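Here's the structure, in structure tokens; my notes come after.
The values are calculated or read from the model by the stated rules, or taken from the named source; none is laboratory data. Given the structure is predicted, the values throughout are model-derived calculations rather than measurements. Please note: Cβ atoms are built from the backbone with ideal geometry, for glycine as well, and neighbour counts cover all protein chains shown. SASA here: full protein model, heavy atoms, side chains in, ligands and nucleic acids out. Shrake-Rupley method; radii C 1.70, N 1.55, O 1.52, S 1.80 Å.
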Amino acid sequence: MLKVGLTGGIGAGKSEVSRLLVECGAVLIDADRIAREVVAPGTPGLAAVVEAFGPGVLTGDGALDRPKLGSIVFADPDKLAVLNSIVHPLVGARSRELEEAAAADAVVVHDVPLLTENGLAPLYDLVVVVDASPATQLDRLVRLRGMTEEDARARMAAQATREKRLEIADIVIDNDVPIERLRARVREVWSELVRRAQE
């Protein structure tokens, strides 16, 4: 099994790259998706978040109001640290379960947005970084995700710098390119990952 850490700044296009890797045959473990699962209604994770931040972070039907919580934690590093201390251990445990269920010869791609920030690179056989310029990231967040420019800049500022991400990269996928070039690059990277998995 080859354990790959996939990361990139918000708006860099990591989700698109992970989708293309799955098309190639990767087993994807998506930390964001798991992070949503572990705070779903009725979970101990959601109860812990409400205890830490109050019932105001819930929607009318008792689900987590992610935009509301995001506006609280992304403006305050201490509150973000509290949220991370609740969610990260739960995500880690679930990720390990999924990895253990994968085939022995699988290429397992862990899609981890905060891999750099949390010093997680040593957990993987190699790290793939999806890279895009800050201008591209900002444009995608505002145009495609409907964020205000201020919110987008705050989210970007809360993450590691582009330089820090590139420092830990074993493989870089440039996503300041048209989709056809991105697809071709992902196929190249996939061939490399399969080769390494067979070593």
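Hey, among the residues in segment 9-55 that are closer than 24 Å to residue 151 by Cβ and out of contact with any Leu (no Cβ under 9 Å at 6 or more places or on another chain), which one's most open to solvent (accessible area, probe 1.4 Å)? By that ranking, first place goes to 33.
Of all residues in segment 66-101, those satisfying the criterion of being charged (D, E, K, R) and surrounded by fewer than 16 Cβ atoms within 10 Å (Cβ to Cβ) are 66, 68, 76, 78, 79, 96, 97, 99, 100. For first residues located in segment 16-31 and modelled with pLDDT of 95 or more, partners that are among the basic types (Lys, Arg) and surrounded by 23 or more Cβ atoms within 10 Å (Cβ to Cβ) and lie 6+ apart or on another chain with Cβ distances below 6 Å do not occur.
Screening segment 151-166 for residues that are in contact (Cβ under 8 Å) with a residue 40 or more places away in the chain and among the small types (Gly, Ala, Ser) and picking the one that is surrounded by the fewest Cβ atoms within 10 Å (Cβ to Cβ) gives 154. Just to be sure, is residue 169 over 23 Å from residue 35 (Cα atoms), touching a strand residue (DSSP E or B) at 6+ places or on another chain (Cβ under 6 Å) and open to solvent by less than 50 Å² (accessible area, probe 1.4 Å)? For residue 169, the condition - over 23 Å from residue 35 (Cα atoms), touching a strand residue (DSSP E or B) at 6+ places or on another chain (Cβ under 6 Å) and open to solvent by less than 50 Å² (accessible area, probe 1.4 Å) - is met. Of the residues screened, residue 109 is one that is touching a residue at least 60 places away in the same chain (Cβ under 8 Å) and closer than 25 Å to residue 173 by Cβ. Take residue 176 and decide whether it is in contact with a helix residue (DSSP H, G or I) (Cβ under 6 Å, 6 or more places away or on another chain), of a type in the set (Asp, Glu), buried (at least 19 other Cβ atoms within 10 Å of the Cβ) and under 25 Å from residue 23 (Cα atoms). Against the criterion (in contact with a helix residue (DSSP H, G or I) (Cβ under 6 Å, 6 or more places away or on another chain), of a type in the set (Asp, Glu), buried (at least 19 other Cβ atoms within 10 Å of the Cβ) and under 25 Å from residue 23 (Cα atoms)), residue 176 does not qualify.
Screening 54, 70, 45, 62 for residues that are more than 23 Å from residue 152 (Cα to Cα) and within 22 Å of the chain's Cα centre (by Cα) leaves exactly one candidate, 45.
Considering each residue of segment 176-198, count those that are closer than 22 Å to residue 9 by Cα, assigned to a helix (DSSP H, G or I) and among the acidic types (Asp, Glu), and give that number. Matching residues across segment 176-198 total 2. The residue list 144, 90, 98, 182 contains one member that is within 26 Å of residue 36 (Cβ to Cβ) and touching a Ser or Thr at 6+ places or on another chain (Cβ under 9 Å), which is 90. Filter segment 152-166 for residues that are touching a strand residue (DSSP E or B) at 6+ places or on another chain (Cβ under 9 Å) and charged (D, E, K, R); which is farthest from residue 116 (Cα to Cα)? Ranking the qualifying residues of segment 152-166, first place goes to 162. Taken as a whole, the condition of being in contact (Cβ under 8 Å) with a residue 40 or more places away in the chain and in contact with a helix residue (DSSP H, G or I) (Cβ under 7 Å, 6 or more places away or on another chain) does not apply to residue 142.
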